[in-house]
Amino acid sequence: MIDLLRSRRSIRRYAQKAVESPVRDILIEALLRAPSSRDNQPWEFVVVDDRALLKRLASAKEHGSQFLDKAALGIVVCADSRKSDVWVEDCSIAAILVQMTAHSLGLGSCWIQIRKRKHSATITSERYVRKVLGLPAHLKVEAIISIGFPAEQKKPVPQSALKYDKVRLNHYANPYSGPASRKAE
Ligand SMILES: Cc1cc2nc3c(=O)[nH]c(=O)nc-3n(C[C@H](O)[C@H](O)[C@H](O)COP(=O)(O)O)c2cc1C
C-alpha cells in the first residue's frame, strides 16, 4: 500500500480506451467495501460510462471538471444524508479507496468536488448533476471521481517534499522532525 501511496497522483488526461466490465466491477467492489460510521453505508454511487452523459457532467463546474469529458468512467459519489450525520466522511473514504484501487489497476483518477461548488451564478453543481442523472431530491452529491487509462505521467511526490512540520509527537510543543531515513539524506 505504501508504494501505491508514493506513486499516486491526480491524473486528468486519459487515453481513449474503455474500462472493461471486470475492471469496472472491481472498482465497484472497492466502493462497497469502504468502512462507514456505525456501518450505516449512507452512500449511493452512479457509475457513468455513457459518453454523452460524461460530456454533460464535465460542465458541472466552471473550472476543474472539464477533463471528465475524456474519462472512461465517472463515479458520482452521493449519499442519503438522513442515514448518517457523518455522510461526508463516509463518502470521502469510499472515494479515496476507489482512487487507490484504480491506481493499483494501472488506471488514473481525479477527484472532482461537487459539494459546495457552483455550476453557474445561480445553479449549484449538485443541482446540475442531479438534473443530468435524474437523482432523487434526497440524495446529496459529494464528488465525481473521474477514471481512465492515463495519458499523462506525473512524477511521484518525493519524500523530501512531505510537510513533516504538520506532525507533532505526543504534545503540540513537540514537533516531529521526520523519519530517520530523511535525516540521513
Ligand atoms: C476534496 C478534494 C477536492 C478536489 N477537487 C478537485 C476538483 O474539483 N478538480 C480537480 O481537478 N482536482 C481536484 N482535486 C485534486 C487535487 O487538486 C489534488 O489531489 C491535489 O492538487 C494534489 O495533487 P495530487 O493528487 O496529484 O497529489 C481535489 C482533491 C480533493 C481531496
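Rounded to the nearest 500 deg cm²/dmol, what is the calculated helix-only ellipticity per residue at 222 nm for the chain, with -39500 (n - 2.57) per DSSP H run of length n ≥ 4? Intermediate values should be presented prior to the final figure.
Details: 6 runs with 56 residues, N = 185.
The per-residue figure over the chain is -8500 deg cm²/dmol.
Subtract the Cα-Cα distance of VAL157 and ASP3 from 0.36 nm times their separation in residues, and report this length gain in nm to one decimal. Present the calculation step by step, with values, prior to reporting the outcome.
Details: separation 154, 0.36 × 154 = 55.44 nm, distance 1.18 nm.
Extra length from VAL157 to ASP3 when fully extended: 54.3 nm.
Starting from the coordinates of the alpha-carbon atoms of the chain, obtain the Kirkwood hydrodynamic radius over all distinct pairs and give the value in Å to one decimal.
Working: mean 1/r = 0.0561 Å⁻¹.
Over the chain, the inverse of the mean reciprocal pair distance is 17.8 Å.
Counting heavy atoms of the protein chains only and a 1.4 Å probe, report the per residue accessible area for the chain as a whole number of Å². If you can, show how the numbers build up before the last one.
Working: 10920 Å² over 185 residues.
Result: 59 Å² per residue.
Run the numbers for TYR176 and SER37: contour at 0.36 nm per residue of separation, minus the present Cα-Cα distance, in nm.
47.0 nm
What order do you get for 89-96, 39-46, 20-27 when each peptide is scored by the mean count of other beta carbon atoms within 10 Å, highest first? Present the calculation step by step, with values, prior to reporting the outcome.
Working: 89-96: 19.9, 39-46: 17.9, 20-27: 13.6.
Packing proxy ranking, top to bottom: 89-96, 39-46, 20-27.
Carbon and sulfur atoms: what percent of the 1.4 Å accessible area of the chain do they account for? Numbers along the way, then the final one.
Details: 5730 of 10920 Å².
Its accessible area is 52 percent carbon and sulfur atoms.
Once the Cβ-Cβ distance between LEU169 and SER104 is put in as r, and R0 is 41 Å, what FRET efficiency do you end up with, to the nearest 0.05?
Working: r = 31 Å, r/R0 = 0.76.
Rounded to the nearest 0.05, the efficiency is 0.85.
Can you work out the PRE-style zone for LEU53? Point 7 Å along Cα to Cβ, and I want the residues of segment 69-84 with backbone N under 11 Å.
Under 11 Å, as judged by backbone N against the label point of LEU53, lie 74-76 of segment 69-84.
Test of the criteria: in segment 72-168, which chymotrypsin sites (Phe, Trp or Tyr not before Pro) are in a DSSP loop and have at most 10 other Cβ atoms within 10 angstrom of their Cβ?
Working: sites: TRP87, TRP111, TYR128, TYR164; in loops: none.
Here no loop site has a sparse enough neighbourhood.
Order of 52-58, 75-81 by packing, highest average Cβ count within 10 Å first?
Final packing ranking: 75-81, 52-58.
Please compute the contact order of the chain in relative form: average sequence separation of alpha-carbon pairs under 8 Å and at least six residues apart, divided by the residue count, as a percent.
29 percent
Tell me which DSSP H helices of the chain clear both cut-offs, 18 Å or more of axial length from alpha-carbon atoms and a mean Kyte-Doolittle hydropathy of at least -0.5. Write out the running numbers ahead of the final one.
Numbers: long enough: 87-104 (26 Å, 0.78).
Result, helices passing both filters: 87-104.
Report, to one decimal in Å, the Kirkwood hydrodynamic radius for segment 71-170 based on all distinct Cα pairs. Don't skip to the end; give the middle numbers.
On the way: mean 1/r = 0.0637 Å⁻¹.
Result for segment 71-170, one decimal place: 15.7 Å.
Roughly speaking, what is the stretch gain from VAL86 to HIS63, that is 0.36 nm per residue apart minus the C-alpha to C-alpha distance, in nm to one decimal? The partial results should precede the final answer.
Numbers: separation 23, 0.36 × 23 = 8.28 nm, distance 2.73 nm.
Taking 0.36 nm per residue and subtracting the Cα distance, the gain is 5.6 nm.
What is the distance in Å between the Cα centroid of segment 126-185 and that of segment 27-51?
19 Å
The values are calculated or read from the model by the stated rules, or taken from the named source; none is laboratory data. What you see is a predicted model; the values in this text were computed from it and never measured. Glycine also receives a Cβ, built like all others from the backbone with ideal geometry; neighbour counts cover every protein chain displayed. What goes into the accessible areas is simple: the full protein's heavy atoms, side chains included, and nothing from ligands, DNA or RNA. Shrake-Rupley method; radii C 1.70, N 1.55, O 1.52, S 1.80 Å.
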